[in-house]
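The values are calculated or read from the model by the stated rules, or taken from the named source; none is laboratory data. Just so you know, these numbers come straight off a predicted model, no measurement behind them. Every residue, glycine among them, receives a Cβ derived from its backbone with ideal geometry; neighbour counts consider all protein chains shown. Only protein heavy atoms, including side chains, enter the accessible area calculation; ligands, DNA and RNA are left aside. Shrake-Rupley method; radii C 1.70, N 1.55, O 1.52, S 1.80 Å.
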Amino acid sequence: MKRTSILLFGLALALSGCFAAREARIESDYSYTGNFRRYRTYEFVTGQGLAADSSKLGEILRDAIRTRMRVQGYKPARNRPDLLVMFRLFEGDMAFRGYAQEDMTRWMTSGMVEDDETPKEVRQGYQPVRMVLAEGTLLVTLIDNRTNRAVWNGYASGVTVPPGPQGEMILRRSVRSIFDQYHVFTEGYLEGASQ
């Protein structure tokens, strides 16, 4: 009987982790000034908070992001990286402003990149959307190092991170789901990967 109880408890715990990850809201938005075809290298932002955190949680997130960046053809670079990567895990509900935009891939195929010299009548307009993100939001931001502007935000809200291996699995799955919204491979990467 005790063995069955332990098995049922383990199964319930595993399923609760799956449900927590499934209930997460995954969204992203991007900047029309992002020159996504030009980016090839990245580095993590250093400083205060989780980005500078050397704890297991911070390292799990950095490792998951490194893996995904590598899969999409990006290389780490300490000197003058194209992108700076910043991440943060928020506790509690939070108000957030995102944007209603067309699919990023469709926008990129237009080949248009806005800059300070783009005439106002040609610029894409941002349509802000106010959202309330549920308890536990993981936010990943990519910053153009040359312009110092955020060019992409990806986030998962409603992410519950229990302690132990299950929490690590949920964090890795959340990062993977967030980067599924970032449909950008470095130029030539897919052609080179298939050769």
Residue within segment 98-110 that is free of Cβ contacts under 8 Å to residues at least 60 places away in the same chain, part of a strand (DSSP E or B) and among the aromatic types (Phe, Trp, Tyr) present: no
Failed item, numbered, when ARG66 is tested on (1) on the phi > 0 side of the Ramachandran plot; (2) buried (at least 16 other Cβ atoms within 10 Å of the Cβ); (3) not hydrophobic (A, V, I, L, M, F, W, C): (1)
Unmet criterion (only one of (1) in contact (Cβ under 8 Å) with a residue 12 or more places away in the chain; (2) assigned to a loop (DSSP other than H, G, I, E, B)) for ASN153: (2)
From the options ARG78, ARG88, ARG146, ARG130, residue that is open to solvent by 20 Å² or more (accessible area, probe 1.4 Å), in contact with a helix residue (DSSP H, G or I) (Cβ under 8 Å, 6 or more places away or on another chain) and either farther than 18 Å from VAL184 by Cα or in a loop (DSSP other than H, G, I, E, B) (or both): ARG88
Failed criterion for ARG88 (all others in (1) within 15 Å of the chain's Cα centre (by Cα); (2) of a type outside the set (A, V, I, L, M); (3) at pLDDT below 85 hold): (3)
Residue in segment 135-172 that is modelled with the highest pLDDT, counting only those that are among the β-branched types (Val, Ile, Thr) and more than 16 Å from the chain's Cα centre (by Cα): THR147
Residue that is nearest to ARG66 (Cα to Cα) [pool: residues in segment 149-176 that are open to solvent by 40 Å² or more (accessible area, probe 1.4 Å) and among the hydrophobic types (A, V, I, L, M, F, W, C)]: MET169
